[in-house]
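K.L.:
Following this message is one structure expressed as structure tokens.
Since every read-out is calculated from the coordinates, none of them should be taken as a lab result. This is a predicted model, so every value here is computed, not measured. Every residue, glycine among them, receives a Cβ derived from its backbone with ideal geometry; neighbour counts consider all protein chains shown.
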Amino acid sequence: DKKEPPLIEAFRPVGITSGLDAKTDKKMGVSPQLPMHGMREVQRAFSETSLRDLNNPTLMRDVPMPFSQGSMFDGQAGVYGQASVFRTPVFRSVSLGPVATAAGFVDPRIDESIIPKPNVQSFRAIQTKVAPPPEPPGGYLEKSTTFHTSIDPRVAMHHIGQILKELDVDFTEKPERYKYKCEVFSKGCRIPFWIQIFSHESKYAVEMQRRSGDCIEFSRIYSSFMRKCSECGICSMDLCPPFLQAPNVQEDMCFEMEEDQLEGTLKPLLEMAGSEYMDMKCSAVSAFCELSSGKSVADWTAKNIDDYLKLFEDLLKSEARESLWAAVSTVANLSIRKDLCEKFNSSSCVSSLVKMTQVDSAHVAREASRALKNIATFLGKDISVSANDIRPLLKSKDARVRQHAEALRETLRL
């Protein structure tokens, strides 16, 4: 019954065993094995043996391992059976190459051939799926400039883009919204408008909406657009006004006035064009630009050009965009008579037109190049234009500018 001091867990004195060890040894008839140094050693698991030790094949008191402790084991089926898979260890810090492959390293990447691939047709169908046109905001549509169609909206968008090119309209397409943002300079005035396709009831609605500009000129543009749409089958010919159903009617419309009307109409407009009030000047120049497409107006202007040549020079140098848009178109329209072309060439008008071909406004550059082409048609090499002035126009991004520049170069034989 003598109490002993607490023993260290790993060692006990010789000949002293715990109760559990003594009973086990008596049943088995085997005396406890003592070490040579007189102390029995009780070791903890993994004190000497480890999975990371390549030289020690045992684990926890001489339990044999079914595989080498230095290999990687992939037990998909049967840990101790023949179905086990063994792979050579892979060191991911080593870059694989010819030398590494020769040394026995394998590429740890997954074989892409075993990965199921998606259905290509179904994937393309998802990618090419197009959303239908949007509903009109608030359900409201312009009654006077809207028509309905039953054809596919994507087909309608294609035809509308071709029609806008035929009408010389500048536009930006937004296919995801079925919308065109357009801008046209008709008769010297700027008219921005939108064209958009909406889902409406069982059909589609094509709406043209004016954003600003002359409403009368916009109605003419809409009528021309409707006639083009009826020709390609987007809408019915019955929707077009009777006087527009004949081809090329709208494009050939121009004002021809009687001799007694010219003086009372054109002279007040040119006087207002020289006004210091910008709104009056812009309106007068735009009105004169619209009338200048008629031959009778060009004849009257040629008779009175000495009185208004200084006015044309000032208008071509104007910093106001609205008056400049109409002024450059007016000069291009009037350049159908040789005497007028000579007056423009002898003044500063031609040099101003050359400068305007390099401005940012697409309309101004087009009309300036058109005016120079018309003047060169009558004057030939006598026009005050050099080859250096034409070269930049030949590289322009605008097709109409390049077309006028090519005609100008052929006329001058440069």
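K.L.:
Rounded to the nearest 0.05, what FRET efficiency do LYS395 and GLU263 have when you use their Cβ-Cβ distance and R0 = 45 Å?
P.N.:
0.50
K.L.:
Now for a different question. Tell me the label-point distance for the pair ARG220, LYS295, using the 7 Å Cα-to-Cβ offset, in nm and rounded to one decimal.
P.N.:
1.9 nm
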